[in-house]
Amino acid sequence: MEMSVFKHASLGRKTFVIVNYFILFGAAAVCLLPMIHVLAVSFSASAAVSSGQVKLWPVGFNVDSYNYVLQKPEFMTSFLISLKRVLVGVPLNMLLTILIAYPLSKERSQFKWRSVYVWFFVVTMLFSGGLIPWYMTIKATGLIDTFWALIIPSAVPIFNVILLLNFFRSLPQEIEEAALIDGANVWKILWKIYVPLSAPAIATLVLFCIVTQWNSWFEGLMLLNDPRGYPLQTYLQTVIVNRDLSLSMSADWRSMVNVSDRTTKAAQIFVATVPVLCVYPFLQKYFTSGIVLGSVKG
């Protein structure tokens with residue numbers, strides 16, 4: 001069907017489609033080629049990497065870098081901390097987002113101070129108090145050097161609240177009125193009607209929260225004094241900045257031949273991206289519809 005429509009399209013339309021495909025292909029290549037290069041480096045011998053022979057295909061294929069990385073206790077500890085952060089942080093993010101977005105989606109006749117609260121949240125999204133007040137506030141609450149320092153400061157993602165309240169406002173108000181007539185209370189309307197109908201938007205926001213919680217490294221670097229408590233991305237940041245001296249002191253000759261500082265860094269970077277790559281295909285079908293449907297009303 002699409003090919004037949006394309007055959008009968010005007011010359012301008014055909015030109016636009018072809019140019020558009022080239023642009024999208026180029027953008028995809030710009031995003032994928034660096035990742036393919038990192039993957040090739042992680043599977044290559046250290047000598048080939050040092051001599052610049054590795055481009056987009058492994059040279060001297062081996063998995064020694066992955067064996068070395070997965071046996072490092074620091075890497076596995078930080079990986080588990082990031083996994084715990086996602087399992088705790090994402091449900092908390094979504095719970096608070098839903099509980100805030102639902103009342104703010106009501107009309108002014110139902111919630112008199114709605115606009116005041118909406119602007120309160122919007123202002124906090126646009127303007128920050130600064131790094132020092134942020135740190136002093138977290139320190140005053142006793143969260144420094146604890147796991148909750150990674151969770152509590154980012155518990156309410158304001159951008160997600162704005163998206164979800166707009167999605168709630170796009171739902172027909174008659175649905176809620178019918179539920180009230182049938183005797184449903186506010187909580188039942190929220191969890192039995194609004195949340196199921198908002199599955200595309202919520203799935204999109206879940207993806208946003210997973211990526212944010214998994215990729216965030218700054219909080220760990222600023223709020224944790226003990227490197228043993230670092231999440232994965234903070235650990236990787238320190239690994240990329242600092243040279244891995246434990247590798248150079250290794251007595252295993254095989255590691256010295258196939259594994260180097262660059263190959264282990266590439267392996268760690270790629271392993272860190274695998275969880276998000278596994279989750280995204282299950283949620284990507286909701287991505288576009290969730291964003292578009294939540295962008296109509298303010």
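The long axis of helix 73-104 is offset from the longest Cα principal axis of the chain by roughly 10 degrees. To the nearest 10 degrees, how steep is helix 11-42 against the longest Cα principal axis of the chain, on a 0 to 90 scale? Approximately 50 degrees, to the nearest ten.
Listed by chain and number, the lysines whose C-alpha is less than 28 Å from the C-alpha of LYS14, apart from same-chain residues fewer than 8 away, are LYS285. The residue among ALA178, PHE167, PHE120 whose Cα reaches farthest toward the positive pole of the charge dipole of the stretch 114-232, with charges on the beta-carbon of Lys, Arg, Asp and Glu, is PHE120.
When +1 charges are put on Lys and Arg Cβ atoms and -1 charges on Asp and Glu Cβ atoms, the dipole computed for the stretch 1-108 relative to its Cα centre reaches about 380 debye.
Can you give the local net charge around ARG114? Use residues other than it whose beta-carbon is closer than 10 angstrom to its beta-carbon, Lys and Arg +1, Asp and Glu -1. Around ARG114, the surrounding residues sum to +2. Using the Cα gyration tensor of the chain, with a ≥ b ≥ c the square roots of its eigenvalues, what is the shape: rounded (a/c below 1.5), prolate (a/b larger than b/c) or oblate (neither)? The shape class here is oblate. Eigen-decomposition of the gyration tensor built on the alpha-carbon atoms of the stretch 96-162 gives equivalent ellipsoid semi-axes of 28, 14, 9 angstrom, largest listed first. Against the main long axis of the alpha-carbon atoms of the chain, helix 114-126 sits at an angle near 20°. Under the criterion of Cα pairs below 8 Å and six or more residues apart, the relative contact order for the chain equals 30 percent.
Each of the peptides 203-216, 268-281 was scored by the mean count of other Cβ atoms within 10 Å over its residues; in descending order, highest first, they stand as 203-216, 268-281. Here the contact order of the stretch 1-123, divided by its residue count and restricted to Cα pairs under 8 Å and six or more residues apart, works out to 12 percent.
When peptides 79-85, 58-64 are ranked by their average number of other Cβ atoms within 10 Å per residue, the highest-first order is 79-85, 58-64. Legend: residues PHE159, PHE167, sorted from most to least accessible area (1.4 Å probe; ligands, DNA and RNA excluded), read PHE159, PHE167. In a simple Cβ point-charge model (Lys, Arg +1; Asp, Glu -1; nothing else charged), the chain has a dipole of about 540 debye relative to its Cα centre. The dipole here belongs to the stretch 106-249: it is taken about the Cα centre, uses +1 on the Cβ of Lys and Arg and -1 on the Cβ of Asp and Glu, and is about 220 debye.
The values are calculated or read from the model by the stated rules, or taken from the named source; none is laboratory data. Please read these numbers as outputs of a predicted model, since none were measured by experiment. Don't worry about glycine lacking a Cβ; one is built from the backbone with ideal geometry, like all the others, and counts go over all protein chains shown. What goes into the accessible areas is simple: the full protein's heavy atoms, side chains included, and nothing from ligands, DNA or RNA. Shrake-Rupley method; radii C 1.70, N 1.55, O 1.52, S 1.80 Å.
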